Each structure stands twice: as C-alpha cells, then as structure tokens.
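Student: Here you go, one structure.
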Amino acid sequence: MASGEGAEGSPVAVGRKARVLVGRAERLYGLARGVIDDHARAVGEVRTALVPIHAELVARELAGIPVSRLKDVTEGRLRIGALEAAGLGTVRAVFEASRYELRQIPGVGAQTADQALAAARQIARALEETVSVRIDVDHPDPRTTALVIALRRLVEAGPELRRAVDAAQGLDRKIAALLPAARPATGRLRMALTSLTSKAKSGRALAAVAELRALTADAVAKDVHLLLAQASTDLLRESASDAEAWVDFELRSAEYYSQLVEIAGSAPDVEAAEGFLPAKVADRVHAQGLDDTHRRVSLRGYQSFGARFALAQRRVVLGDEMGLGKTIQAIAVLAHLAADGHSHFLVVCPASVLINWTREIRSRSTLRAVPVHGPDRQDAYAEWRERGGVAVTTFDVLHSLPTSTEPPAALVVDEAHYVKNPDARRSRAVAEWTERCERVMFLTGTPMENRVEEFRTLVRYLQPELVPRIQSSEAVAGPHAFRKSVAPAYLRRNQRDVLTELPALLQVDEWEEFSAADQDAYREAVAAGNFMAMRRAAYAHAEKSAKLQRLRELVAEAAANDLKVVVFSYFRDVLATVQQAVGKDVLGPLAGGVPAARRQRLVDEFAAAPGHAVLLCQIEAGGVGLNLQAASVVILCEPQVKPTLEHQAVARAHRMGQVRTVQVHRLLATDSVDDRLLRILENKDRLFDAYARRSDVAEATPDAVDVSDGTLARRIVEEEQQRLATVGQGG
C-alpha cells in the first residue's frame with residue numbers, strides 16, 4: 001500500500017469513516033421512514049372507516065333541514081315551489097338528487113337545478129365541519145366496528161407513538177437533507193478529482209458528516225432507535241377481532257376518542273376550548289411549550305391548553321367543570337417543570353382526595369408522590385425536602401409544615417373554594433405558602449362567576465392587582481364577559497363546550513383512607529367474620545366517615561354545576577345514612593320494597609326537578625328496568641361482588657338519549673375489603689367478563705358470569721383477618 005493511502009486522516013481512512021457514519025444514518029433514516037409510513041397507513045385505515053359513518057351523519061342532519069332553508073343560502077333567489085311540489089321536502093332529498101333528476105321536475109330549469117344543488121352542497125360542507133362521530137357501544141354495526149378496529153391499532157401503540165412519530169418526522173427531514181452531501185466519493189481517482197476540483201463541495205460534505213454524527217449520537221443517547229422500532233412493531237400488529245376491539249373500547253374509550261379527534265379534526269369550538277380568553281392571553285398560551293418527558297398520559301387539546309395557560313400565566317385559577325380533568329392538567333404542569341430541572345412540588349387538598357392525588361401522580365407521571373399526613377407527616381416532609389418529588393398534604397396539615405425552607409417550584413391547591421374565608425386557619429396557611437411560591441394553581445369546579453366575592457378572595461392570593469377589575473357587573477353580563485374580564489388569572493371550560501367528541505362515560509375511582517372511627521368499625525366487622533358489615537363499615541359513623549365526606553363534596557360540586565346525581569348502594573342502611581348527610585330534599589330511596597308505580601313516580605320527579613337533584617337507589621332495585629338518563633353523575637357507595645350489578649346500574653344513566661357525559665364515581669377504601677374485592681375481580685379473565693356481559697345470555701342471567709358470593713366472602717374475610725392480625729402484631 002502506498003504511503004498515506006491507509007493512514008489515519010488519509011482520504012481513504014476519512015472516506016471509510018464517512019461511509020460507516022452514513023450507513024448508520026441511513027439505517028436510522030430507514031427506521032424513521034418506516035414509522036412515518038406505518039403511521040400514515042394506520043391513520044389512513046381510520047379515515048377510510050370514517051368516510052361512510054361521517055357521510056351518514058351529514059345525511060341525517062340534512063334530512064332534518066327543510067328544503068326552504070336553501071333560500072337562505074341563495075339569499076332568496078332560489079325558487080323552491082317546484083321542488084316542494086315534487087316531494088323534495090328536505091335538503092337531503094335535493095343533495096342526493098342528480099342534476100338530471102332535478103331537471104325532470106316540472107318548473108325546474110337548468111339554473112334552478114344548479115342553484116339548488118350548489119346550495120345543498122354548501123350546507124353539507126358546513127355540516128361536515130361540525131358533526132361529531134359518537135361510537136355507540138350498545139349498538140355496534142359493521143361500520144363502527146371497522147372504525148374501532150382501526151383505532152385500536154393506534155391506541156395499542158400508546159402515548160409513546162406521538163413521540164415516535166414526531167421524532168421520525170424530524171429525523172426524516174434532517175437526514176434526507178444531509179445524506180446527498182455526506183455520502184463520500186468512492187474510488188481513488190474520483191476522490192483525487194474531488195479534492196482537486198471541488199474544495200467547496202468537500203467542505204459541505206464534511207459539514208454534513210459532522211451534522212449526521214451529532215444527529216446519530218443524540219439518537220443513541222435518547223434511545224430513539226428503540227422508540228422507533230417499538231412504534232413500528234406496534235403499528236404492524238395483526239388487527240384485533242371484532243369482539244376484542246369492542247371490549248378494549250369499553251375499557252379505554254377515552255383513548256379511542258382522543259385518537260379519533262386528532263384524525264377527524266372534530267375538535268370542539270376553539271374559543272370555547274380556550275375559555276373565551278382574549279386574543280392577547282390566548283396567544284401567550286399558544287407560545288408556551290409543554291414537555292411530556294415525565295408524563296405518562298396523552299392530553300386532550302383543551303387539557304393541553306389548560307396546562308400551558310397555567311405555565312404561561314404562572315398564578316391562576318383553573319375552574320373547569322367537574323369531569324374535565326383538572327388533576328391531569330395540574331400533573332402535566334408539574335411534569336413540564338420537572339423536565340425543566342425543578343425537583344420540589346407541593347399539592348394541598350382535602351383529606352378525602354389525598355389518596356387519589358397520590359395514585360394519579362404515580363400512574364400518570366414519573367414523578368415521586370410523597371404523602372405528607374398522619375402521625376409520620378414531619379418525617380415524610382423532611383424526606384421530601386431532601387429527595388424531592390410531589391408532596392401531597394391536606395389543608396389541616398399545611399399550617400404545621402415549616403416554611404423556612406426553599407419554596408417549591410409550584411403549589412397546587414385542589415378544591416380551592418375551601419379557602420374562600422380569608423380568616424380561617426387553612427386560608428391563612430394557603431396564603432402564606434402562595435405568597436412564597438412563584439407558580440400557583442388553584443383548582444375548583446365551582447363556577448366562580450356565580451360567586452364573585454369568593455373569586456375576589458382567591459385572586460387576591462394570586463394576582464391582587466386584578467382584584468379592582470372583578471366586579472359583579474361583569475358576572476351579570478354573562479359567563480363569557482366575566483371570563484374575559486379576569487382572563488389573566490381564570491380559565492374555565494364547560495362539558496357541553498369541550499366534550500362533544502368524548503365518550504359519554506368517565507369513570508373515577510375515589511380512594512379514601514379510613515378515619516379512626518371507620519377503622520374501628522372495620523376491625524370489629526373483620527373480627528366477627530361479618531362480610532356484609534365489612535363492606536359498609538365506612539358508613540358506620542357518619543360524622544367521621546371518609547367516604548361520606550367525599551360523597552358530600554361530589555354532590556356539592558354537582559349542585560354548583562346544576563347536575564343531577566344518582567347514588568347507588570347495595571345496603572338500605574347506607575342509603576339512609578347518605579340521606580341524612582346530604583339533606584331532606586333528596587329523593588328516594590328507591591329500594592326493593594317500593595312498588596313499581598311509586599318507583600316510576602320517583603324517577604319522574606327526579607327528571608322533572610329543575611337543575612340539581614339527588615336520587616338514592618338500592619343497586620339491585622335501581623339497576624334494572626328504569627331510565628335514569630336525567631342523571632349525569634353516578635356515585636357508587638361501594639364496589640359490588642357482582643360486576644354486572646354495577647354495569648346495569650350505570651347503564652340506567654349511560655344510555656341512548658343521554659345528552660351529557662356521565663361521570664361515575666366509585667367510593668373505595670384503601671387496605672380494606674374494597675381493595676381485596678377489586679383485586680380478586682380484576683384478576684379474573686377480564687376479557688371473558690366483558691364478552692359475557694355483551695351477550696344476551698349474560699343480560700338474562702347475570703349470575704352466570706359472577707363469582708360465588710359465599711366463596712368470595714369467605715376468602716376475603718380470612719385474608720383480612722390474617723392481615724389485621726399481622727398488623728396488630730407488628731404494632
């Protein structure tokens with residue numbers, strides 16, 4: 001070999017290194033192109049399935065529009081008498097007719113036919129932008145089944161798919177632009193000619209190689225290869241069977257709708273989704289990024305906007321109506337700040353939702369949740385100060401925590417209307433922490449425009465300079481006017497404005513910790529081996545019941561939003577306790593001993609009541625044969641031994657004709673029979689249960705798919721007796 005031809009730094013050696021590097025870049029490019037193509041194919045399948053469904057929805061809307069409305073589109077120029085005389089009474093009839101068919105109608109000339117068709121098509125195009133596809137799980141047909149199967153491929157890929165597609169698109173653009181310049185010349189003569197005739201071209205090649213080296217190194221550091229490979233694997237999986245797809249849709253309907261909205265573009269009205277904020281504030285929010293590195297859940301468009309609003313405005317009240325995911329938006333804010341290098345966050349909430357917050361943080365983010373309450377709260381607080389994470393504490397504990405340390409990067413106050421009285425101890429503690437924190441989120445589902453003085457109090461904690469402009473006159477002018485006047489500090493969205501594309505069922509497990517009185521009643525029931533007493537021990541002492549306290553809060557929030565509530569329990573005495581706790585205006589209980597005619601009168605009174613109302617139902621009596629679709633909030637006082645009982649009860653409200661999203665809140669106690677029962681039932685074959693529930697046989701004989709009451713009860717009683725005995729020995 002001639003001197004220098006193979007030496008380090010020679011043209012041959014440099015060319016060899018460049019070829020190796022280019023080879024790596026080409027493989028990465030191939031992975032990226034594969035993800036882009038596979039994703040485009042999966043999205044195309046969804047769009048193909050959507051076409052006939054969307055067309056039918058538009059046709060159905062057109063059928064409800066009288067043909068006379070065509071005159072409005074043509075500003076009165078269209079003569080429709082001949083069309084009406086020919087029996088074309090709706091816009092759909094005109095839309096589906098051909099020009100030739102219209103010309104055959106006496107009195108309809110070429111100009112009238114063309115004008116009529118153009119006007120009908122104009123209305124159809126407007127409808128195409130507004131109709132939303134709703135998937136009816138109770139009435140599947142071949143078209144919606146095809147849509148659900150197509151969506152499932154994207155849902156199965158999980159929230160990482162969006163990151164993979166974004167990464168693939170970025171790599172595709174960059175590598176495609178760099179590869180032509182970076183590919184080295186081959187052959188000694190060609191390299192020699194290149195070096196002699198094109199030093200500029202050689203310089204561009206070296207620069208391209210350097211950029212490719214940085215790109216591939218960054219991809220390796222971030223495991224982009226694994227991300228892309230997993231995405232392609234997920235997107236190329238075999239299609240699910242009809243039954244599997246429908247079962248999965250029932251279990252994860254919100255994720256299906258999230259994909260559907262993104263693909264169909266049937267998002268809610270932008271102004272409503274952005275809380276009718278003025279353009280200046282909305283533009284600032286749009287410019288705010290949102291890092292999802294530490295987040296494990298995808299956000300709806302309005303939820304992403306809410307999180308970015310809190311980040312952009314720094315000290316705000318997020319007042320979304322109940323059921324819209326205020327907790328998720330707050331977690332998204334904390335996750336973004338964690339990605340930005342912050343390590344300490346604080347959540348303050350009522351004791352009744354502390355466990356929920358802890359679980360939500362752990363399941364929806366990679367952040368550490370540190371409960372700071374109970375006898376070891378000071379130790380937990382010290383551990384949080386040392387290691388970081390999200391400290392979750394209660395209003396009653398907050399005042400006892402030292403404030404001399406460095407403040408957290410963000411403070412979240414849930415159920416912020418609890419601090420409306422500035423003289424209360426909890427309010428003073430929140431005010432002190434709020435003053436020290438740069439970023440603060442107050443969460444409340446209570447509409448503040450109905451409580452202007454309360455709102456002034458909350459804003460005084462956050463942005464006191466806004467207080468003078470918060471006047472009752474803006475609230476009187478209407479909610480939109482009020483929200484625009486306080487836009488720098490307040491964002492509220494309503495279900496009817498932003499949930500048009502979402503499933504009609506949102507399920508929330510409300511986990512509570514036993515109070516001391518609850519715990520005593522529970523231990524007594526376990527010692528007696530009384531399974532039924534164990535299930536209702538959480539309501540034995542109403543004045544100190546953790547579940548009952550959460551139930552009161554849910555009912556109060558529903559009342560503030562004029563929502564009707566139906567409360568289900570297996571036990572008559574639990575319903576009696578609830579009735580005393582909630583108030584004398586509650587309807588029911590609708591129980592097994594109530595005659596059928598009286599039951600129907602109760603349901604009719606409930607439906608006819610203006611605004612908020614509460615109906616109590618024994619689950620075996622209210623779960624079958626009644627239409628409770630006036631309710632949009634369902635509260636289950638305890639989990640059921642037979643899952644079909646819950647399914648049938650919820651189905652009384654969540655059914656055809658329901659016009660609002662139904663929220664189902666299941667009250668559960670940690671370290672109890674509830675926990676045991678759910679684990680046992682979830683460990684059964686979940687798909688089998690869902691298949692069976694969808695069958696006619698299961699609807700007729702629910703016992704066929706439920707576990708034996710006696711066997712289950714004995715197992716749980718024995719396990720709880722052993723657990724509590726062990727706990728007692730350990731104490």
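The values are calculated or read from the model by the stated rules, or taken from the named source; none is laboratory data. Note that the structure is a prediction, hence the values are computed from the model and not measured. Positions of Cβ are generated from backbone atoms using ideal geometry, with glycine treated the same way; all protein chains shown enter the neighbour counts.
Student: Of the residues that sit in segment 236-250 and are under 16 Å from Ala157 (Cβ atoms) and hydrophobic (A, V, I, L, M, F, W, C), which one is surrounded by the fewest Cβ atoms within 10 Å (Cβ to Cβ)?
Tutor: Here the answer is Leu236.
Student: Can I ask one more? Please count how many residues of segment 226-261 are without any contact (Cβ under 8 Å) to a residue 40 or more places away in the chain and either not in a loop (DSSP other than H, G, I, E, B) or not assigned by TED's automatic domain parsing to the domain that holds Glu156 (or both).
Tutor: Of the residues in that region, 2 qualify.
Student: Assuming Gly529 fulfils every condition listed in (1) within 30 Å of Glu250 (Cβ to Cβ); (2) modelled with pLDDT of 90 or more apart from one, which condition is it?
Tutor: (1)
Student: List, please: which pairs have Cβ atoms under 7 Å, are six or more places apart or on different chains, and start with a residue in segment 40-64 that is assigned by TED's automatic domain parsing to the domain that holds Thr144 and touching a residue at least 40 places away in the same chain (Cβ under 8 Å) and end with one that is of a type in the set (S, T, N, Q) and assigned to a helix (DSSP H, G or I)?
Tutor: Ile53/Thr144
Student: Quick one: would you say Ala97 is within 29 Å of Pro142 (Cβ to Cβ) and touching a Leu at 6+ places or on another chain (Cβ under 9 Å)?
Tutor: Yes: the conditions hold for Ala97.
Student: Pick out the one residue from Gly323, Gly301 that is assigned by TED's automatic domain parsing to the domain that holds Arg359, modelled with pLDDT under 90, under 20 Å from Arg359 (Cα atoms) and under 11 Å from the mean Cα position of the chain (by Cα).
Tutor: Gly323
Student: Within 19 Å of Val419 (Cβ to Cβ), surrounded by 17 or more Cβ atoms within 10 Å (Cβ to Cβ), at pLDDT 95 or above and out of contact with any helix residue (DSSP H, G or I) (no Cβ under 7 Å at 6 or more places or on another chain): which single residue out of Ala330, Ala391, Ala338 fits that description?
Tutor: Ala330
Student: Test Ser672 against the stated conditions and say whether it is assigned by TED's automatic domain parsing to the domain that holds Ser569 and modelled with pLDDT of 90 or more.
Tutor: Answer is yes for this residue.
Student: With (1) farther than 27 Å from Ala339 by Cβ; (2) touching a helix residue (DSSP H, G or I) at 6+ places or on another chain (Cβ under 6 Å) as the list, and Ser400 as the residue in question, which single condition is left unmet?
Tutor: Only one criterion in (1) farther than 27 Å from Ala339 by Cβ; (2) touching a helix residue (DSSP H, G or I) at 6+ places or on another chain (Cβ under 6 Å) is unmet by Ser400, namely (2).
Student: Restricting to segment 269-311, give me the number of residues that are of a type outside the set (Ser, Thr, Tyr) and more than 21 Å from Leu367 (Cβ to Cβ).
Tutor: Residues that pass the stated criteria total 21.
Student: Moving on to the next point. Grab the helices (runs of 4 or more DSSP H) fully contained in segment 516-604, keeping just those with 2 or more residues being more than 33 Å from the chain's Cα centre (by Cα) and of a type in the set (A, V, I, L, M, F, W, C).
Tutor: 516-527, 531-535
Student: Only one of these conditions is not met by Asp283: (1) under 29 Å from Ile135 (Cβ atoms); (2) not assigned by TED's automatic domain parsing to the domain that holds Ala177. Which number is it?
Tutor: (1)
Student: Among all residue pairs at least 6 apart or on different chains, which show Cβ distances below 8 Å where the first residue, located in segment 73-100, is over 19 Å from Glu56 (Cβ atoms) and the second is among the polar types (S, T, N, Q) and buried (at least 16 other Cβ atoms within 10 Å of the Cβ)?
Tutor: Final answer for the pair search is Thr74/Gln115; Arg77/Gln115; Leu78/Thr112; Leu78/Gln115; Arg79/Thr112; Ala82/Thr112.
Student: Taking Leu78 and the conditions (1) touching a helix residue (DSSP H, G or I) at 6+ places or on another chain (Cβ under 6 Å); (2) outside any helix (DSSP H, G or I); (3) modelled with pLDDT of 85 or more; (4) surrounded by 12 or more Cβ atoms within 10 Å (Cβ to Cβ), which numbered condition does it fall short on, given that it satisfies the others?
Tutor: (3)
Student: In segment 409-440, what residues are hydroxyl-bearing (Ser, Thr, Tyr) and either on the phi > 0 side of the Ramachandran plot or more than 27 Å from the chain's Cα centre (by Cα) (or both)?
Tutor: Ser427, Thr434
Student: On to the next question. Within segment 536-553, identify whether any single residue is assigned by TED's automatic domain parsing to the domain that holds Val633, farther than 25 Å from Cys349 by Cα and not β-branched (Val, Ile, Thr), and answer yes or no.
Tutor: Checked against the condition, which is being assigned by TED's automatic domain parsing to the domain that holds Val633, farther than 25 Å from Cys349 by Cα and not β-branched (Val, Ile, Thr), segment 536-553 yields at least one hit.
Student: In the list Leu147, Leu117, which residue meets the criterion of being surrounded by 15 or more Cβ atoms within 10 Å (Cβ to Cβ) and more than 23 Å from the chain's Cα centre (by Cα)?
Tutor: It is Leu117.
Student: Please work out if Phe309 is assigned by TED's automatic domain parsing to the domain that holds Asp396, buried (at least 22 other Cβ atoms within 10 Å of the Cβ), assigned to a strand (DSSP E or B) and aromatic (Phe, Trp, Tyr).
Tutor: no
Student: Do you know which residues across segment 412-426 are out of contact with any Asp or Glu (no Cβ under 9 Å at 6 or more places or on another chain) and crowded, with 21+ Cβ neighbours inside 10 Å?
Tutor: Val412, Val413, Asp414, Ala416, Val419
Student: Considering each of Ala63, Ala13 in turn, give the residue that is at pLDDT 75 or above and over 20 Å from Thr144 (Cα atoms).
Tutor: Answer to the check: Ala63.
Student: Among the helices (runs of 4 or more DSSP H) confined wholly to segment 86-133, which include 1 or more residues that are in contact with a Ser or Thr (Cβ under 7 Å, 6 or more places away or on another chain) and of a type in the set (Gly, Ala, Ser)?
Tutor: Result: 110-128.
Student: Could you grab me the full set of residues in segment 277-292 that are assigned to a loop (DSSP other than H, G, I, E, B) and either touching a Ser or Thr at 6+ places or on another chain (Cβ under 7 Å) or exposed (fewer than 12 other Cβ atoms within 10 Å of the Cβ) (or both)?
Tutor: Ala287, Gly289, Leu290, listed by residue number.
Student: Looking at Val35, is it in contact (Cβ under 8 Å) with a residue 60 or more places away in the chain, within 30 Å of Thr144 (Cα to Cα) and crowded, with 17+ Cβ neighbours inside 10 Å?
Tutor: Taking the combined requirement at face value, the residue satisfies it.
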